[in-house]
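See structure below.
None of the figures in this text is laboratory data; all of them are computed from the coordinates on show. Since we're looking at a predicted model, the values are computed, not measured. With ideal geometry, Cβ positions are generated from the backbone for all residues, glycine too; neighbour counts draw on all protein chains shown.
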Amino acid sequence: MKFGYASWLPETNMMRKFTEELANGRLMGTKCKKCKTKYMPPRIQCRCGSTDMEWYEAPKKGKLLAYTIIMYPPESMQKYAPYIVAVAELEDGTRLLSHIVGVTPKTLKVGMPIEVSISKVSEDRITYKFKPST
Amino acid sequence: MAKKVAVVGIGHSKFGKRPDVTIRELAHEAVFPALEDAGLSAQDIDAVVVGVAGDEFAAQGSCAAVINDYIGMQGKPLYRVEAACATGSAAVRTAWALINSGLAETVLVVGAETMTHVGTPRATELMAKAGDTRWEYPFGVTFPAFYALMATAHMHQYGTTREQLSMVSVKNHKYGAMNPYAHLRKEITLEEAMKSVMICYPLNLYDCCLISDGAAAAVLASEEKAKKLTDTPVWIIGLGAASDNMMIAERESLTSLKATRLAAEQAYKMARIKPEEIDVAVVHDCFTIAEIMAYEDLGFCKKGEGGKFIEEGQSYIGGKIPVNIDGGLKSKGHPLGATGVSMTVEITRQLRGEAGKRQVEGAEIGLSHNIGETGQYCFVHIYKR
Ligand SMILES: [Zn+2]
């Protein structure tokens, strides 16, 4: 399973684990055992130099910090446009960038509560996205 | 105490759509006027620093070597510097360091880029790849989209309006129309700016800088050389540089560029001046929101009051600090590698009193501010005549 709407980087072990967990409905980040820094999205090495990392399940609720409605996408994303890209802060303070769906320009507001939902983009692609939280 | 380094020669090509030339000829257009301005010929130059951001745009690998050969500098020490959209300022800083270290007395800096030759869709694609290709590009985040995210956050937090964004564009077009080297020499009205086609909300066409070809050059010299060469040296008295997280979601703020704040602090400290002493500034206005954040992060106004700063006309000639009165990236154009060097050219012109109709009367201290990508690089230089 590949991640996101378009990508060309190799599917590393970390990405295989990440997308496998996504397919099972879990949004997973990593945490450094040495300095406790959390990474969402995950990394396998810490900025402190440590490689002793563990996976953790991230909260799916959060709030919207910023958004933009993209009218002119890159070539590879033409069929999805227009789409809304947003940055949200999850309940544990980590931040994530994704698309937001289920909103209109009128209902879209910075600060609105959101939740992370997981869905397949195509047969071999999976992603997370935000939707308004009730 | 750092040794003194001055700008002693400047040159600038016409920015714009330039299908008539490739990157080597563009560089030539800027280099020889700069050498002539300095009263030097090729043999007087100790080293060459070339700033080109992307070989893919030029469809030529190792652009620096091609340019160096074409301008007749074979045999000299040659450096290629790259820092995305801040490439030109990184090149100027490198030249300063070469002279300050004693490795060279006189250095030629050349910034050049051709961006229109690959076509707009390809250029958009190349710039989108400046985002994190693991976690950002997979969502189709275009280059303007990163600044649009900062814009919605800024609008929410400080009440900045789309109208205020457009006001930045109106100002930069007003001055760009007076600059013979600018790409789009045309004044626009606030209404035209507000009504232009939406690129990514809240940024419309007139909130975004142009895709341009262009080159700029500067000759930097040690104090001893500079005093022999010219009566009007422009001294670089302060420098600052900083970086930030790669991914926008990880930044500590979405309404301020940390790299600007850090770089500005260093530059003000080194120059021993305060922001209010700046007589004229050129700042990185790749998008209108970027200029508003620059006012705040450089200390020209308080945090959150950037929108008010432009609305009150404080960045026009006659205001508190005239900003981007060469047209800025918005109207002059933003050929990546050339931009930072072009900023040095403009401030030098202003401090020499050679800016014609755009001259800030009696300007003594100038500042240039250049961002790479969406804040991952920043360079601030402070100049004094
Ligand atoms: Zn760690």
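Couple of notes before you dig in:
- For the Cα trace of the stretch B:162-249, dividing Rg by the Kirkwood Rh returns an Rg/Rh value of 1.13.
- All-pairs Cα distance distribution in chain B, expressed in whole percent, bin size 20 Å: 32, 60, 7
- Cβ crowding within 10 Å ranks A:Asp92, A:Asp124 as A:Asp124, A:Asp92, fewest other Cβ atoms first.
- Using C-alpha pairs under 8 Å with a sequence gap of at least 6, the mean separation divided by the residue count of chain B gives a relative contact order of 26 percent.
- Partners for A:Lys131 among lysines (Cα-Cα distance below 21 Å; same-chain residues under 8 apart left out): A:Lys60, A:Lys61, A:Lys63, A:Lys79, A:Lys106, A:Lys109, A:Lys120
- The stretch B:241-323: Cα Rg divided by the 2.2 N^0.38 Å rule of thumb: 1.09
- Per-residue mean of foreign Cβ neighbours for A:95-104 is 3 (Cβ atoms of other chains, 10 Å radius).
- Cα extents of chain A along the three principal axes, largest first (Å): 45, 31, 25
- Each part gets one Cα centre, and for the stretch B:58-129 versus the stretch B:228-287 those centres are 20 Å apart.
- Result for chain B in a Gaussian network model with C-alpha springs under 10 Å: among B:Asp69, B:Asp207, B:Asp46, the largest mean-square fluctuation is at B:Asp69.
- Choice from B:Thr260, B:Thr339, B:Thr94 showing the highest fluctuation, given a GNM over chain B with Cα pairs closer than 10 Å: B:Thr94
- In the protein assembly as shown, one over the average inverse separation of all distinct C-alpha pairs is 23.6 Å, which is the Kirkwood hydrodynamic radius.
- Take each residue in B:144-152, count the other chain C-beta atoms within 10 Å of its C-beta, and the mean is 5.
- Relative exposure of A:Ser122, B:Ser342, B:Ser169, judged by other C-beta atoms within 10 Å (fewest first): A:Ser122, B:Ser169, B:Ser342
- Crossing angle, helix B:288-297 versus chain B [Cα axis fit, 0-90 degrees, rounded to tens]: 70 degrees
- Cα-based helix-to-principal-axis angle, B:143-158 vs chain B, degrees rounded to 10: 60 degrees
- Against the main long axis of the alpha-carbon atoms of chain B, helix B:87-100 sits at an angle near 40°.
- As a length-normalised measure over Cα pairs under 8 Å and 6 or more apart, the relative contact order of the stretch A:2-132 settles at 24 percent.
- Taking the Cα atoms of the stretch B:1-149, the ratio Rg/Rh between the radius of gyration and the Kirkwood radius comes to 1.02.
- Sequence-distant aspartates and glutamates (8 or more away, or on other chains) whose Cα lies within less than 13 Å of B:Lys186: B:Asp326
- Shielding by other protein chains, B:126-137, mean Cβ within 10 Å: 4
- Pairs from B:Lys228/B:Lys384; A:Lys2/A:Lys129; B:Lys303/B:Lys330; B:Lys228/B:Lys332; B:Lys258/B:Lys330; B:Lys3/B:Lys332 whose Cα-Cα separation, in the structure shown, is over 25 Å: B:Lys228/B:Lys332; B:Lys3/B:Lys332
- Over the stretch B:203-289, Cα pairs under 8 Å with separation of 6+ residues give a relative contact order of 38 percent.
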